[in-house]
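Chemist: Please find one structure pasted underneath; my questions will follow.
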Amino acid sequence: MPSDLMESLTSEQRHYLRVIMRCILRINKALHSEAQELFRAFDVLVEMQKIFIKNPPENLREELPCLQDFDDVYRGMKDVSDKLI
């Protein structure tokens with residue numbers, strides 16, 4: 001995640017956000033798999049907290065140039081946290 005959400009994302013940053021989303025989707029799938037005991041939920045929550053501290057969701061505003069990209073990431077993390085809880 002960039003340090004300033006108001007900046008437009010470069011092509012490289014957009015690709016990186018797509019990788020993050022794929023990881024989030026795989027975490028969601030792992031939560032429903034047979035190997036749940038291999039899943040380290042606390043580690044995932046700590047990493048999510050780091051993102052929330054750096055870029056709190058309340059910083060998302062309609063005038064952001066890449067609102068949809070960020071919104072997708074935050075929604076994915078919300079799905080993961082809801083399933084973990």
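Chemist: Checking understanding here: applying a Kyte-Doolittle mean of at least 0.0 and a length along the axis of at least 15 Å (C-alpha), which whole DSSP H helices in the chain pass? Present the calculation step by step, with values, prior to reporting the outcome.
Modeler: Working: long enough: 11-31 (31 Å, -0.11); 41-54 (20 Å, 0.87); 67-84 (25 Å, -0.84).
Qualifying helices: 41-54.
Chemist: Continuing with the same structure: Report the full-extension gain for the segment Ser33 to Arg18: residue separation times 0.36 nm, less the Cα-Cα distance, to one decimal in nm. Show your work: numbers first, answer last.
Modeler: Details: separation 15, 0.36 × 15 = 5.40 nm, distance 2.26 nm.
Gain on extension, Ser33 to Arg18, equals 3.1 nm.
Chemist: Could you run the Debye sum over the Cα atoms of the range 11-84, one equal point scatterer each and no solvent, and tell me log10 of I(q)/I(0) at q = 0.13, 0.23 Å⁻¹, two decimals?
Modeler: -0.41, -1.12
Chemist: Only helical DSSP H runs with n ≥ 4 go in: add -39500 (n - 2.57) per run for the chain, normalise by residue count and round the 222 nm mean residue ellipticity to 500 deg cm²/dmol. If you can, show how the numbers build up before the last one.
Modeler: Numbers: 3 runs with 53 residues, N = 85.
Taking each H run of at least 4 residues, the total per residue is -21000 deg cm²/dmol.
Chemist: Let me ask you something else. Which number gives the lysine pairs in the chain that have C-alpha atoms under 17 Å apart and are eight or more places apart or on different chains?
Modeler: Working: Lys29/Lys78; Lys29/Lys83; Lys50/Lys78; Lys54/Lys78.
Lysine pairs satisfying the spacing and distance rule in the chain number 4.
Bear in mind these aren't lab numbers, they're just calculated from the coordinates by the rules spelled out. These numbers were taken from a predicted model, which means no experiment stands behind them.
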